[in-house]
Amino acid sequence: MKRVVVLSMVCASGFAQAEMDGSKILMEEAERAKEVQRLQYQAELLKQRAEIAKYMQEIQSHGGDVSEFGGVSSAPARTASPSSVSTPVHSESEALPKVLSIENSRAAFQTNEGKVFGKVGQTLPGGYRVVAISMRDGVRLQKDGMRYDIDIAW
């Protein structure tokens, strides 16, 4: 009888461990799927920027003026993870903030309203919420379900 009880306990603990391992694997796979989505978005964005740059160069070669586009072909430092693959469109009034510096848990940003400081959880002018600040990875902002990874502007 004691053997049956001990055997039951060993089996139960084995099942619990397998369940924890399975849930850990699912979480890792979910993170990988997010990373794949982010990379697919970045690849699509780079293709679109290259196409825009090609058309702008073609316009210039035919004597056209592209100054009104304000450097559309120059790519920002890094962008990332949208909720879909479509390219976000920003008007001048809601330009993406630039990261000027990072100190410990706060970062300095250049926005349309001037230089501001922000910490994780704060909302910057333009409605961008600071999600993460890291010396290694830069700053992650979020607005309207879209996430933006921004490096320090040199």
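The values are calculated or read from the model by the stated rules, or taken from the named source; none is laboratory data. All figures in this text were calculated on a predicted structure; none of them were measured in a lab. Glycine also receives a Cβ, built like all others from the backbone with ideal geometry; neighbour counts cover every protein chain displayed.
Couple of notes before you dig in:
- If only residues of the range 23-72 that are of a type in the set (Ser, Thr, Tyr) and modelled with pLDDT of 80 or more are counted, the one that is nearest to Ile150 (Cα to Cα) is Tyr41.
- Close pairs from the range 130-146: first touching a residue at least 12 places away in the same chain (Cβ under 8 Å), partner of a type in the set (A, V, I, L, M, F, W, C) and outside any strand (DSSP E or B), Cβ under 7 Å, at least 6 apart: Val130/Val120; Val130/Leu124; Val131/Val120; Ala132/Val120; Ile133/Val120
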